[in-house]
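> Would you mind keeping the following structure in view while I ask a few things?
The values are calculated or read from the model by the stated rules, or taken from the named source; none is laboratory data. This one's a predicted model, so the numbers in the text were calculated from it and none came from an experiment. We place every Cβ from the backbone using ideal geometry, glycine too, and count neighbours over all the protein chains shown. In case anyone asks, the SASA skips ligands and DNA or RNA and just uses the protein heavy atoms, side chains included. Shrake-Rupley method; radii C 1.70, N 1.55, O 1.52, S 1.80 Å.
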Amino acid sequence: MTASTVPIIVSAAEQLEIDVDTLDVGLSQQLKSLGVHPNDMTSNQFIVADALATEENQAILEQVIRDSPDADWLTILDKVSVKLCSLNIGNISGRALLQASPSHAYNAEGIVAHALAYDREFAAVGITKERYCIKILTTGAGMLASQILQSQHGIQTLGTGLFSVPQALAAAQAGCLYISPYYNEILAHFTPPAERLVYENPATQHPMSPRMAHIYQAYRDLAVANPSQRVPVIKAASFIAMNEVLAMPELGAQQTTILAPTLVEMISGQTTARPAGSKVYRPSKTYALELPEATLPLLKVDPLRADGVPQVFDLKTDYLGNNAAGLEAAIAADPETSRRIKDAVEVFQKAELQAKALIDAAILKVRGVTVAA
Ligand SMILES: O=C(CO)[C@@H](O)[C@H](O)[C@H](O)[C@H](O)COP(=O)(O)O
């Protein structure tokens, strides 16, 4: 008898919650048809700019401009981003996520104002606070803004652009619902495919794997020490290869958000089906489970540090007091994290400008006027 096979995404969904890192409605529908109901839908300035560049979304963009004759490009960007989310909200079981502008990455007030603008747009299309979440870069200002949004406005947030345990602890202190550790730094997506570093066994070979395990372990320690505290769920992101996604359960991520090309690969590729009733490791959102035994050696190494040894962190450190001075100091003391966040801010700013160029062109077409720079 030959073993039966299933799409790789179906097998992965037995160990992880599957999120779509794309606004593509068709892909969510395809997942649903395979019995994998996507959980959340994430995005960023690139994903929105790419969606705006498609022919099928041109009419939507132009309609948004027509409906808001006095709106500037940023307001149009917020409106059309929310509109694109609304088109897929029926195909996901969880939340639609939009990212606060990178131009405010170091300005808490700017982030709060932008999140409130998104909130108004979500409300206008009937998407309640339970169905969306705002992605915020995990800088000092970002986590101060998250704290304000959560405590004063009931707006849930995700700490993104996250590469370290102090950022993860700060996100927990800010009350974030989720964090998104980037498995690959943002620049990896701009490296030609042939030059990308892809590992045969990412769990043991990828330089970010130990930090993924450190973050899960720090959150487990936090959950054990403070059973009443909400500890964020780990929504791993920024994958460049399918085998990286498949390595996430053993590194503790409960959710993965998967970019369109990898989703396509996981939908079309087949793997052997697990026998019915077989036990698989599924990381716990309450952090009740230990990491798998094979992962534990990763807790003793950190290839992203010059000395290769993980730092030890005190769970009681206040990262957000004194204007998030503790978080900023921890980021500054970690060259890899500092560089990776700086790169992410720059790259997302460029993407936002790409979106602006598309919106300006559409405004010219619809209103017949050139937008002042
Ligand atoms: O952080 C999240 C989800 O929470 C992701 O959307 C994350 O931004 C992306 O996976 C990475 O930035 C890579 O996306 P891209 O730059 O290739 O569009």
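> So which residues in the range 118-167 are within 12 Å of the ligand (Cβ to nearest atom) and under 23 Å from Ala218 (Cα atoms), if there are any at all?
Answer for the range 118-167, where residues must be within 12 Å of the ligand (Cβ to nearest atom) and under 23 Å from Ala218 (Cα atoms): Lys135, Ile136, Leu137, Thr138, Thr157, Leu158, Gly159, Thr160, Gly161, Leu162, Phe163.
> Answer yes or no as to whether Leu251 is open to solvent by 10 Å² or more (accessible area, probe 1.4 Å) and either among the hydroxyl-bearing types (Ser, Thr, Tyr) or in contact with a helix residue (DSSP H, G or I) (Cβ under 9 Å, 6 or more places away or on another chain) (or both).
no
> Can you tell me which residue within the range 254-279, out of those that are of a type in the set (Gly, Ala, Ser) and within 28 Å of the chain's Cα centre (by Cα), is surrounded by the fewest Cβ atoms within 10 Å (Cβ to Cβ)?
Only one residue tops the list, namely Ser268.
> Still on this structure, I have one more. I'd like the full set of residues that are more than 17 Å from Val20 (Cβ to Cβ) and in contact with a Phe, Trp or Tyr (Cβ under 7 Å, 6 or more places away or on another chain), limited to the range 252-277.
Of everything in the range 252-277, just one residue is more than 17 Å from Val20 (Cβ to Cβ) and in contact with a Phe, Trp or Tyr (Cβ under 7 Å, 6 or more places away or on another chain), namely Gly252.
> Separate question: Kindly provide the set of residues from the range 312-347 that are open to solvent by less than 80 Å² (accessible area, probe 1.4 Å) and not in a helix (DSSP H, G or I), ordered by number.
Passing the criteria: Phe313, Leu315, Thr317, Tyr319, Leu320, Ala333, Asp334.
> For residues that are touching a residue at least 24 places away in the same chain (Cβ under 8 Å), of a type outside the set (A, V, I, L, M) and under 18 Å from Ser43 (Cα atoms), tally how many sit in the range 239-267.
4
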